[in-house]
Amino acid sequence: MKNASLKTLVDYYCKRKIIFINSNTCVFYFNLNKEIECSFNSILKLGVQNISLCERDQLKISSIKNDEARNVFILQRLLLYEVLSIYGQIHYKQKQPYLPDIQVDKNGKLYFKNDSISFNISHSGEQYIIAVGSNTSQIGVDIDTISKIRDPVRYSSILFKDLIIKDPLVLLNTWTIFEAYSKSTGMPLTKLFKSDFSSFAADLASNNKNNFYNNYKFFSFECSHNVIATICEKILR
């Protein structure tokens, strides 16, 4: 049985939900702004009182020294638990989350072993996104804010071999495309920067309608003002 208070958290913070018709992949976008009507601590307390975090996440929390960062991590995990419970991947036993066999790959990406879904998460400050799809989709997702692009010329030189792009939003979108593909495939960013993928990413970020690269499909969208996310998923042919 799902925990009602966690559903309240999802309903409260979820600002956008997107379902991709062809693949049934679902994206949940959250804004964890702490300066909203209800107190952040009150909402957080509501969730923590009703459920404990799993052992893996408790160990992670113990390594976070900053109180605010610790609270944000707890809230992110509570939201993840509830979203995964919607897909039947988490069950609660005496308010303790039972997690299936979660593995961590060499790039730090969480995944379920021998299960029916793929999921990925990304966060930047108060922005948080969760993508859930089939276990064959190899989902990768990234979200970032315009504040990341403090030096457009420098970022352009990192992302592209022969191009100079100075538009911060185009660069931000391109960065999320790189990150999402890297998280989906496990390919290091440093390798991607030197490949022909950089040309594809630049074209896609500049509103090119071709959003397929090899067997992967990309979808970028502006979550809110100056906040861009990209989802990448493998397409079965």
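Only the coordinates and a few stated rules stand behind these numbers; no lab work does. Everything numeric here is computed off the predicted structure, so don't read it as measured data. FYI the Cβ positions are ideal-geometry reconstructions off the backbone, even for glycines, and counts take in every protein chain you see.
Here are a few things to note about the model shown:
- Check: the stretch 108-237 dipole with +1 on Lys, Arg Cβ and -1 on Asp, Glu Cβ, in debye: 340
- Packing rank of 226-232, 25-31, where each peptide gets the mean count of other beta carbons within 10 Å, highest leading: 226-232, 25-31
- Cβ-based charge dipole, the stretch 143-227, positive-most Cα from 213, 165, 192: 192
- Cross-link table 191/234; 166/191; 109/191, entries beyond 21 Å C-alpha to C-alpha: 166/191
- The packing ranking, built from the mean of other Cβ atoms within 10 Å per residue, places the peptides 143-149, 178-184 in the order 178-184, 143-149, highest first.
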